[in-house]
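Here the structure comes first, spelled out in C-alpha cells, and everything after it is commentary.
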Amino acid sequence: MEGKEKKIKITPIEHGTVIDHIKKGQGMKVLRILDLVDREIDSIVSMAMNVNSSMGKKDIVKVEGKELKNEEFDKISLISPNATVNIIRDYEVIKKHRVGLPDFAKGIVRCKNSNCITNQSEPVETEFEVTGEDPVKLRCTYCDREMTGEEISENVI
Ligand code: CTP
Ligand code: ZN
C-alpha cells in the first residue's frame with residue numbers, strides 16, 4: 001500500500017536525475033543551486049517536500065533530461081550531505097551516487113566577509129576547508145571566516 005501511495009504522489013521519470021533524501025526543507029535550495037529557479041528552462045522539473053521515508057521526512061527533486069555534473073554534486077552536498085543522486089535512463093536507476101562532502105569547496109561558495117581577498121576586484125577563486133559535517137561548517141582558506149547553515153546555502157554560487 002505504501003508503495004502504491006508513493007507512486008501516485010510522485011511520478012517516476014523516464015530520463016534524467018532524481019535527487020533523493022534531501023534534508024527536509026532544503027528542496028527549494030537544491031532547485032536554486034541547480035539554477036532551475038527564476039529563469040526559462042526546457043526540462044520538466046518536480047519537487048516533493050516532506051515525503052515520508054524510513055529515515056523521517058525528506059525532500060525530492062526530479063529533473064527530466066539533465067544529468068548532473070560533479071561540481072553540482074559538491075554544491076548539493078554542502079546543504080544536504082546525505083542526498084543521493086540517481087541517474088535515470090528508460091525509467092531505470094542506472095547510477096546512484098551518495099553526494100558526500102568534499103574536503104575543500106573550491107569556487108562554489110562566496111565568502112561572507114566582504115573584505116576577503118576573494119571579494120575584491122581581482123578575481124581569486126574562493127576556497128573553503130570543510131571543517132564540520134553535521135552541521136556542515138566551512139572555513140575560508142584566505143580570511144578564516146567560518147560559515148554554516150543559511151550562510152552557506154545563501155552563498156552557494
Ligand atoms: N525514481 C524516479 N523515476 C524512475 C525511477 C526512480 O523518479 N523511473 C525515483 C524513486 O522514486 C526514488 C529514486 O528515484 O525516489 C531512487 O529510486 P530507487 O533506487 O528505485 O529507490 P530506492 O531503492 O528507494 O532508493 P534508496 O535506496 O536510495 O532510498
Ligand atoms: Zn574569506
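Derivation of every value follows stated rules applied to the coordinates shown; laboratory data play no part. Here the structure is a predicted model, which means the values were calculated and not measured. No Cβ is skipped: glycine too gets one built from the backbone with ideal geometry, and neighbour counts run over all protein chains shown.
With charges set only on the Cβ (+1 for Lys and Arg, -1 for Asp and Glu), what does the dipole of the chain come to about its Cα centre, in debye to the nearest 20?
On the way: 25 positive and 28 negative charges, 127 e Å.
Computed about the Cα centre, the dipole is about 600 debye.
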Paired Rg and Dmax values of the chain, which use every Cα atom, in angstrom: 16.7, 59
Top positive-direction residue, dipole computed over segment 16-98 with Cβ charges, set Asn70, Val18, Asn82: Asn82
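Test of the criteria: in segment 19-120, which GluC sites (Glu not before Pro) are in a DSSP loop and have at most 11 other Cβ atoms within 10 angstrom of their Cβ?
Numbers: sites: Glu40, Glu64, Glu67, Glu71, Glu72, Glu92; in loops: Glu40, Glu67.
Those that pass, being in a loop and sparsely packed, are Glu40.
Tell me the chymotrypsin sites (Phe, Trp or Tyr not before Pro) within segment 27-112 that lie in a loop according to DSSP and have at most 11 other beta-carbon atoms within 10 Å. Numbers along the way, then the final one.
On the way: sites: Phe73, Tyr91, Phe104; in loops: Tyr91.
Within segment 27-112, the qualifying chymotrypsin sites (Phe, Trp or Tyr not before Pro) (loop, at most 11 other Cβ atoms within 10 Å) are Tyr91.
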Ordered by residue, what ³J(HN,Hα) values in Hz, to whole numbers, does segment 87-98 give under the Karplus form 6.51 cos²θ - 1.76 cosθ + 1.60, where θ = phi - 60° and Gly and Pro are x? 8, 10, 9, 6, 6, 9, 6, 9, 8, 10, 10, 7
Distance cut-off 23 Å, Cα to Cα: go down the list Lys58/Lys137; Lys62/Lys137; Lys23/Lys66 and report the pairs above it. Lys62/Lys137
Measuring from a point 7 Å past the Cα of Glu151 along Cα-to-C-beta, which residues in segment 64-83 have an amide N at less than 20 Å? 75-81
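With a cut-off of 8 Å between alpha carbons and a minimum separation of six or more residues, what is the relative contact order of segment 53-132 in percent?
Working: 78 pairs, mean separation 17.0, N = 80.
Worked out over segment 53-132, it gives 21 percent.
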What aspartates and glutamates does Lys95 reach when the alpha-carbon gap must be under 12 Å and sequence neighbours fewer than 8 apart in one chain are set aside? Glu67
How far apart, in nm, are the 7 Å Cα→Cβ label points at Ser114 and Glu129? 2.8 nm
